[in-house]
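Notes follow once the structure below has been shown.
The values are calculated or read from the model by the stated rules, or taken from the named source; none is laboratory data. Quick caveat, the model's predicted, so the values are computed rather than measured. With ideal geometry, Cβ positions are generated from the backbone for all residues, glycine too; neighbour counts draw on all protein chains shown.
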Amino acid sequence: MSGALGSVFGVDRQLIRDQTYFVIEQSQQVFACGGWSKRESLFGSDTARLKNDALLDPLHHAARIRAFFVHPAWARRGMARAILHACEEAIRAARFSRIELVATLPGVPFYRAFDYKSHETYEVPLVNGLSLPVVRMTKNLGNANE
Ligand SMILES: CC(C)(COP(=O)(O)OP(=O)(O)OC[C@H]1O[C@@H](n2cnc3c(N)ncnc32)[C@H](O)[C@@H]1OP(=O)(O)O)[C@@H](O)C(=O)NCCC(=O)NCCS
């Protein structure tokens, strides 16, 4: 996993600029974060996301879920659930009817619990020569453009 730090696991400031990233904090300490995106990149930090990170069309494309992390001390206390609900609400408001994401293996049971379906598993090459297995997942919201 350490080979993924900074590239796959890293800050994508475009999510912050787009105001689609949420954090939960206490006493100015962030302990959970996650967001959604109306752009093409499925994962990656500032240095690793797609160069031309084009805006998506809600009529034809799926919104993205991006970069969910919860501090282990706060695990299984509904933090990621709260952020995912906020993201899905915002995605619906933006009139997307589908969501796509790329999950690392530890993230799969979390997304599955919220009706995301697994598709292909593939390997993302890392800077240290190793690779990280990831799973493409999707969810139909069945609203917005129907
Ligand atoms: C995946 C992650 C974001 C989940 O955060 P969390 O705040 O602990 O998740 P929640 O408490 O909101 O869990 C909601 C539900 O998801 C499911 N779930 C979450 N983590 C799970 C796990 N490890 N195994 C099985 N189910 C899990 C459960 O149904 C859970 O409900 P329950 O606790 O009532 O059973 C967190 O474990 C994490 O940061 N993992 C490391 C980074 C990562 O893998 N991020 C995903 C990016 S692809």
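Remarks
- Qualifying residue in the stretch 82-100 (condition: under 22 Å from residue 21 (Cβ atoms), within 12 Å of the ligand (Cβ to nearest atom) and modelled with pLDDT under 95): no
- Some residue of the stretch 8-25 being in contact with a Leu (Cβ under 8 Å, 6 or more places away or on another chain) and either among the polar types (S, T, N, Q) or within 19 Å of residue 124 (Cβ to Cβ) (or both): yes
- A residue that is polar (S, T, N, Q), within 22 Å of residue 56 (Cβ to Cβ) and not in a helix (DSSP H, G or I) can be found somewhere in the stretch 90-99.
- Residues of the stretch 103-119 classified as more than 6 Å from the ligand (Cβ to nearest atom) and either free of Cβ contacts under 8 Å to residues at least 12 places away in the same chain or in a helix (DSSP H, G or I) (or both), total: 4
- Cβ-Cβ distances below 7 Å connect the following pairs, each with a first residue in the stretch 45-73 that is at negative phi and assigned to a strand (DSSP E or B), a second residue that is surrounded by 12 or more Cβ atoms within 10 Å (Cβ to Cβ) and among the β-branched types (Val, Ile, Thr), and a separation of six or more residues or different chains: 63/91; 63/99; 65/99; 68/83.
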